[in-house]
1. Which of the residues belonging to the range B:79-106 are in contact with a Leu (Cβ under 8 Å, 6 or more places away or on another chain) and at the interface with chain A (Cβ under 8 Å from one of its Cβ atoms)?
2. Please specify each residue of the range B:31-46 satisfying the condition of being crowded, with 19+ Cβ neighbours inside 10 Å and either more than 11 Å from DNA strand C (Cβ to nearest atom) or closer than 20 Å to residue B:98 by Cα (or both).
3. Being away from chain B (no Cβ under 12 Å) and within 30 Å of residue A:15 (Cα to Cα), is that true of even one residue in the range A:107-122?
4. Quick one: which of B:87, B:33 is in contact with a Phe, Trp or Tyr (Cβ under 6 Å, 6 or more places away or on another chain) and either of a type outside the set (D, E, K, R) or more than 24 Å from residue A:68 (Cβ to Cβ) (or both)?
5. Quick check on this structure: which one of B:110, B:79, B:71 is under 17 Å from the mean Cα position of the chain (by Cα), assigned to a loop (DSSP other than H, G, I, E, B) and away from DNA strand C (no atom under 14 Å from the Cβ)?
6. Quick one: is residue B:54 part of a loop (DSSP other than H, G, I, E, B), within 14 Å of DNA strand C (Cβ to nearest atom) and either within 14 Å of chain A (Cβ to nearest Cβ) or farther than 19 Å from residue A:122 by Cα (or both)?
7. What number of residues within the range B:113-146 satisfy the criterion of being outside any loop (DSSP other than H, G, I, E, B) and hydroxyl-bearing (Ser, Thr, Tyr)?
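What follows is calculated from the coordinates using simple rules that are stated; it is not laboratory data. Quick caveat, the model's predicted, so the values are computed rather than measured. Glycine gets a Cβ as well: all are built from the backbone with ideal geometry, and neighbour counts include every protein chain shown.
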Protein chains: 2
Amino acid sequence: MKKISSYKPWVETLKAFGVRLTLPRKTVLQVLADNREGLTPEEVCRLGRASHPGLGLVTVYRALELFEKLGMIRRVHSGGHCQSYSASFGDTHFVVCTRCGRVTEFPCCGLLPLFAHVRARTGYEVTGHILEITGLCPDCVKSGEN
Amino acid sequence: MKKISSYKPWVETLKAFGVRLTLPRKTVLQVLADNREGLTPEEVCRLGRASHPGLGLVTVYRALELFEKLGMIRRVHSGGHCQSYSASFGDTHFVVCTRCGRVTEFPCCGLLPLFAHVRARTGYEVTGHILEITGLCPDCVKSGEN
DNA sequence: TTTGTAACTGGAAATCTTTTTCATCTTTTA
DNA sequence: TAAAAGATGAAAAAGATTTCCAGTTACAAA
């Protein structure tokens, strides 16, 4: 798993919403930028303390809630528990590796016909959806079974 | 919300897996058969006590876990928390009403092209997925805004 | 039927997980 | 730079889930 970018691209978003850029928030953002698995609040806190030892779990909860509301991160449901978060850029969905937990985004596409089908079939007016695909990432496919 | 069937269709499944048909389990099944919303363990327990006052919450947790493993019920992720369950018959997905919580199944269909797309784009070998659609059920569409 | 036994149950207590509270500290803007 | 609004983190409270364990029960075999 490689470290990706910094959290810099997110800074604009935060400024646009008039959200303060504090040390704990920067720390949480950096952790999320550095990791490509879904992380629980607990995990974010533990990882974050490497660079900011005073980081509080409550603050992590609040930061994650805020970033989710701003669309910078999203909840990952696959893999048993639903309280993990992963960075998200734009209108995408996740593929989650069932072996190593790696999360990869892919553009949201081609669901409109399905929504029409659902509407016709059930009478519901569709307003949203959760779509998450699970599978094996390229590395895990290469390195063995399951 | 209308009461649907009994839990009878499930009895075969349970027998096939060599699972005992006990009073608490029957109670949980009846609750799930009677309700078309996602129910939390707590709610199942409360509703179940109407017919079986001694029903224990721990037993409800165990029963839900078992039934989920046997594919008789599935977790509902929409609506904030992910610890609700709803009856499920066959290879389907859920549409969840964001207003009244009603859950309706629709056949799983038309996702194969998407899986191919994901594979081509991300290199993941697709093995599963979570798809849940949210919207307004016909009754809620009729009865007002929101 | 009756009976033996493995499977199941439910209360209490132990473990998490998440939220609330509140006194203190930090950004930001004026 | 100072004031004010916003943010932080420790502790405590509230919730959710699991573990333990002493009974109880469904079911198969006699």
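1. Across the range B:79-106, the qualifying residues are B:97, B:98.
2. B:31, B:32, B:35, B:36, B:38, B:39, B:41, B:44, listed by residue number.
3. Scanning the range A:107-122 turns up no residue that is away from chain B (no Cβ under 12 Å) and within 30 Å of residue A:15 (Cα to Cα).
4. B:33
5. Just a single option satisfies the conditions, and that option is B:71.
6. For residue B:54, the condition - part of a loop (DSSP other than H, G, I, E, B), within 14 Å of DNA strand C (Cβ to nearest atom) and either within 14 Å of chain A (Cβ to nearest Cβ) or farther than 19 Å from residue A:122 by Cα (or both) - is met.
7. Looking only at that region, the number is 3.
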